[in-house]
Amino acid sequence: MTKDKSEAEPKKKGKFKKLLLVGVAAIALIGAGAGAAIYFGALSAKEAKPEDHYPKLVERGNKEEAPAAEGEGGGEAPLKVGTVSVPNDRYRVDPKKYEITYYPITDAFTTNLADGSGFLQVGISLSTFYDGKVINNIKRQAVPIRSVVLMVLAEQDPALLSSSQGKQRLQRQLTAAINDVLREKEGFGGIDNVYFTSLVIQ
């Protein structure tokens, strides 16, 4: 009986060692797999940052410009190419360091005023410190931009628009509304200001 016990103990120890080795190997494989997944996940996140697709700021004095895309109207100036990435479109831009681009909206906006006393006709131009991607975004989203501008104009009080403070307030409202459309549709705003090229209240 003692002989059987001594034979059974090495067998148990041998099985235990095998199980222990298998367990350690399995843990090592799981750890290596997790490590590789984290490494390659971080690597692919670096390669395909969503910010890379966003417009970039155009530094002053940077003469490098991309040609206008094929099919875009002849005689248009080439779109600027930005070189400075920013974390988001709410980044505070130093106007002394970056080029500004003005983009005129060709058709004027005409709407009835909020109190029904007359109508408002406005021509606007948009400004941006970002590159041609913002201009392309504006062109792509022309319909919702036009719609939101008309809605903002229709809410105006003609008495307020007669003062420069009222006009500046309207500029801020239009800038915010257009940026909201661009953020929703393109993921990036980029409009610095809205300028009036004409403003008629009747």
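The values are calculated or read from the model by the stated rules, or taken from the named source; none is laboratory data. Remember, predicted model here, so these are calculated numbers, not experimental data. Note: ideal-geometry Cβ built from the backbone for every residue, glycine included; neighbour counts use all protein chains shown.
When the helices (runs of 4 or more DSSP H) confined to the range 83-202 are screened for residues that are farther than 20 Å from PRO55 by Cβ and under 25 Å from the mean Cα position of the chain (by Cα), those reaching at least 3 such residues are found at 142-154, 164-186.
If you go through the range 84-98 and keep only what is of a type outside the set (Lys, Arg) and in contact with a strand residue (DSSP E or B) (Cβ under 9 Å, 6 or more places away or on another chain), you end up with VAL84, SER85, VAL86, ASP89, TYR91, VAL93, TYR98. For the structure I just gave you, tell me whether PHE188 is closer than 28 Å to ASP94 by Cα, of a type in the set (A, V, I, L, M, F, W, C) and exposed (fewer than 14 other Cβ atoms within 10 Å of the Cβ). Spelling it out, it is not the case that PHE188 is closer than 28 Å to ASP94 by Cα, of a type in the set (A, V, I, L, M, F, W, C) and exposed (fewer than 14 other Cβ atoms within 10 Å of the Cβ). The residues of the range 154-202 that are of a type in the set (Val, Ile, Thr) and in contact (Cβ under 8 Å) with a residue 60 or more places away in the chain, listed by number, are ILE191, VAL194, THR197, VAL200, ILE201.
In this structure, GLU51 qualifies as at pLDDT below 85, surrounded by 12 or more Cβ atoms within 10 Å (Cβ to Cβ), among the acidic types (Asp, Glu) and farther than 25 Å from ILE124 by Cα.
Yes or no, residue by residue, for (1) surrounded by fewer than 21 Cβ atoms within 10 Å (Cβ to Cβ); (2) under 24 Å from ASN88 (Cα atoms):
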position	(1), (2)
ALA114	yes, no
TYR130	no, yes
GLN141	yes, yes
PRO158	yes, no
